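A.B. asks: Before anything else, here's the structure in question.
The values are calculated or read from the model by the stated rules, or taken from the named source; none is laboratory data. Fair warning: this is a prediction, and the values are worked out from it, not measured in the lab. All Cβ positions, even for glycine, are placed from backbone atoms using ideal geometry, and neighbour counts span all protein chains on display.
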Amino acid sequence: MRKQAFLVILLNLSVGIYAQNHSNLKPGYKGTVEQSTYIVIEDLNLRDIMFDLTTSHGYQISPYIYTGIGTGAFIAPDLYYVIGIPFFAHIKGTLIDGRVTPFADLKGGIVLTSQNPMWFIAPAIGYRFGLGKRLGINVGIGYAFYLSGICNIKNGHSNLQFDSIHSLNLKFGLDF
């Protein structure tokens, strides 16, 4: 009788301990929608503003690592009104397992624009606020580097010139 009572108490304690795990980053499909505002930095001056709205879909490998691919819409009204469609790979790491957790994020890919394609890489850091079993809000800051190549052909000679853009960005997103 004592052994059975001890087992019942032990099982109840273990259920209570398990119930305290607040993680909502379980392995499986995951999607994100993010809006980013970029402030272009040129010669240490804040110059132009760019925007994008992206969606990424992939797999939550563990509570700490997400990988996916994404696309969206990109607009730079101050930079000759460039409009484009980004295609990118996305990896995100959460540093601790919980409802509110810091994260590190990296996107890299290409933006097919109305002028010249631009390659980009965009690291960011921020916080994820869990709202439910798989729903969360993300807020972050980051840096983005864009590189565009322009090929000029004059008198039978080609000349390849590169143009780069450095920017700081603010990100707001929803993951599901």
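A.B. asks: Can Asn155 be described as within 17 Å of Thr37 (Cβ to Cβ) and of a type in the set (S, T, N, Q)?
C.D. replies: no
A.B. asks: State whether the residues of segment 30-48 include one that is free of Cβ contacts under 8 Å to residues at least 40 places away in the same chain, assigned to a strand (DSSP E or B), of a type in the set (Val, Ile, Thr) and within 25 Å of Phe129 (Cβ to Cβ).
C.D. replies: Checked against the condition, which is being free of Cβ contacts under 8 Å to residues at least 40 places away in the same chain, assigned to a strand (DSSP E or B), of a type in the set (Val, Ile, Thr) and within 25 Å of Phe129 (Cβ to Cβ), segment 30-48 yields no hits at all.
A.B. asks: Tell me, which residue of segment 75-100 that is under 15 Å from the mean Cα position of the chain (by Cα) and either at pLDDT below 95 or in a loop (DSSP other than H, G, I, E, B) (or both) is surrounded by the most Cβ atoms within 10 Å (Cβ to Cβ)?
C.D. replies: Checked segment 75-100; the qualifying residue surrounded by the most Cβ atoms within 10 Å (Cβ to Cβ) is Thr94.
A.B. asks: Related question: Within segment 116-138, which residues are in a strand (DSSP E or B) and over 19 Å from Lys171 (Cβ atoms)?
C.D. replies: Trp119
A.B. asks: Would you please name the residue that is surrounded by the fewest Cβ atoms within 10 Å (Cβ to Cβ), looking only at residues in segment 120-132 that are more than 18 Å from Lys107 (Cα to Cα) and not hydrophobic (A, V, I, L, M, F, W, C)?
C.D. replies: Gly132
A.B. asks: Suppose we keep only residues that are in contact (Cβ under 8 Å) with a residue 60 or more places away in the chain and under 19 Å from Gly84 (Cα atoms) within segment 133-167. Which one would you say is surrounded by the most Cβ atoms within 10 Å (Cβ to Cβ)?
C.D. replies: For segment 133-167, the residue satisfying everything is Ser167.
A.B. asks: Within the bounds of segment 101-115, is there any residue that is on the phi < 0 side of the Ramachandran plot and assigned to a loop (DSSP other than H, G, I, E, B)?
C.D. replies: yes
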